[in-house]
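K.L.:
Have a look at this one.
Read-outs: derived from the displayed coordinates by stated rules, not from any lab. Note that this is a predicted model, so its numbers are computed, not measured. Please note: Cβ atoms are built from the backbone with ideal geometry, for glycine as well, and neighbour counts cover all protein chains shown.
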Amino acid sequence: MNSTETALELELDKKPFWKKLSLFDAAWAVIVVLAGFYTYANYAALMDGYEVIILISTVISLTLSGWAWKPVRVMVLTVAGLSLFAISRYTTGLMDAETDFFLRFLLSSQSGIMWMSALYVLATLAYLVAFVARSEFTGALATALTWSATTMGLTGLMVRWRESYLVGVDVGHIPVSNLYEVFILFSIITALLYLFYERKYQTRALGVFVLFIISGAVAFLLWYAFERDAADIQPLVPALKSYWMKIHVPANFVGYGAFALAAMVAVAYFARARAERGPADGVLMTLPSLEVLDDLMYKSIALGFAFFTLATVLGALWAAEAWGGYWSWDPKETWALIVWLNYAAWLHMRLTKGWRGKPMAAWAIIGLFVTLFAFLGVNMFLSGLHSYGEL
């Protein structure tokens, strides 16, 4: 890069954010706003005031996300197109999913989620091959597979949302109400967080680590679907019939996804550290530097902590509305507090004591097991007010 190009880039960086926006950015904003108006015009009868606020917030968030992270535009537009096409194929009811070719093999909620599952597993294998063989082509293929899996998963959730209303207007609900649905959400959010940092740090070497945990979630999801018939759409229990669910659960799973990402980056940190101690290993040395891995681990936990804190506050407000009290020391609430304190302590030791390196990486991995118990173990072994989430 010559000095003229460097000077031009520095000049562009000094411009206010809004002056950096292009015509494509403006077109993106117009598309998102029109989509918001379309949604309101067609579904206002099913929305209360809080849900209108959620819709407006979604429009703003999608606009800003598309400006800051260009690849997400393609995914959002693809999900919207596939979802609308799938919804249009339901002309007589849910039975169309068995008779319509596109629904049966591609775009019903179950088909979309099965495609998501298969593509995430293929992406994991592709990242592994790329990591071992140091193949740029296979790495690019792995990234494309991850984007495709995420697109199909989101499409499956959008179509499932519509299918729930086809079961019955009083049954219809946003698909984040049970373990089956939130495991899909977890996989999608974790993948999106990884894809963002993959682009930011310009490395695919972490893909095999992060996709490994997503494939683990997919394995549980498939077992849960086939063993427990969890894919069937069920009416909500009374406590879940609230607008709070629409914001509490997604915020929670941004936190879970970020904590999972941090833990897998910590595993990569130990792999890199081990490679630096021993003879030069060309495979492991493809990983980013320890400083980059430490920074990514910190940013992931900071992001997760912010969203988990928000989710905890929203959960308390929801509890006050549903059960008459902000906090009841229910097992789920107690373990949520343990998770919050764990990561609060992690951030405190880094920011005030300057802790870095292996102790923090080990702590991040242990933190994932604490989070996993709060997410899944409580549902398996304990009971309480959140018993509707039992396995």
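K.L.:
Determine ³J(HN,Hα), in whole Hz, for all residues of the range 366-372 in sequence, where each value follows from phi through the Karplus function 6.51 cos²θ - 1.76 cosθ + 1.60 and θ = phi - 60°; x replaces Gly and Pro.
P.N.:
Result, ordered by residue: 4, x, 5, 5, 4, 5, 4 Hz.
K.L.:
Here's a follow-up. Pairs of Cα atoms under 8 Å, at least six residues apart: use those to get the relative contact order of the chain, whole percent.
P.N.:
Relative contact order for the chain comes out at 13 percent.
K.L.:
Ranking request for peptides 332-344, 151-163, 60-72: highest mean number of other beta-carbon atoms within 10 Å first, then the rest in descending order.
P.N.:
151-163, 332-344, 60-72
K.L.:
Moving on to the next point. Which label marks the calculated value of semi-axes √(5λ) of the Cα gyration tensor in Å, given the options [x] 29, 26, 23; [y] 40, 22, 20; [z] 34, 27, 23?
P.N.:
Recomputing semi-axes √(5λ) of the Cα gyration tensor in Å here gives the entry labelled [z].
K.L.:
Based on the mean of other beta carbon atoms within 10 Å per residue, what is the order of 104-110, 85-91, most packed first?
P.N.:
Going by the mean number of other Cβ atoms within 10 Å, highest first, we get 104-110, 85-91.
K.L.:
Sticking with this structure for a sec: For the chain, what is the calculated [θ] at 222 nm in deg cm²/dmol (nearest 500), taking -39500 (n - 2.57) for each run of four or more DSSP H residues and dividing by its residue count?
P.N.:
Counting only the DSSP helices, I get -25500 deg cm²/dmol.
K.L.:
Take the residue pairs 20/353; 19/200; 299/332; 200/358 and return only those whose Cα atoms are more than 31 Å apart.
P.N.:
Cα-Cα > 31 Å for 20/353; rest within.
K.L.:
At a Förster distance of 30 Å, what's the computed FRET efficiency of residue 229 paired with residue 84, Cβ-Cβ distance as r, to 0.05?
P.N.:
FRET efficiency, residue 229 to residue 84: 0.60.
K.L.:
How far is it, in nm, from the label point at residue 356 to the one at residue 37 when both lie 7 Å from their Cα along the line to the Cβ?
P.N.:
Going by the 7 Å Cα→Cβ label model, 5.2 nm.
K.L.:
Follow-up. For 58, 146, which order do you get if you count the other beta carbons within 10 Å of each Cβ and list the fewest first?
P.N.:
Placing the least packed residue first, the sequence is 58, 146.
K.L.:
Next up: Add +1 for every Lys or Arg and -1 for every Asp or Glu among the other residues with Cβ under 12 Å from the Cβ of residue 211, and state the total.
P.N.:
So the environment of residue 211 carries a net charge of 0.
K.L.:
Please give the contour-minus-distance gain from residue 57 to residue 91: 0.36 nm per residue of separation, less the Cα-Cα distance, rounded to one decimal in nm.
P.N.:
The span from residue 57 to residue 91 would gain 9.1 nm if fully extended.
K.L.:
Follow-up question, since we're still on this one. Extending each Cα 7 Å along its Cβ direction at residue 136 and residue 162, get the distance between those two points in nm, one decimal.
P.N.:
Once both label points are built, they end up 4.1 nm from each other.
K.L.:
Just to confirm my numbers, what's the Cα centroid distance between the range 151-202 and the range 240-267 in Å?
P.N.:
That distance is 12 Å.
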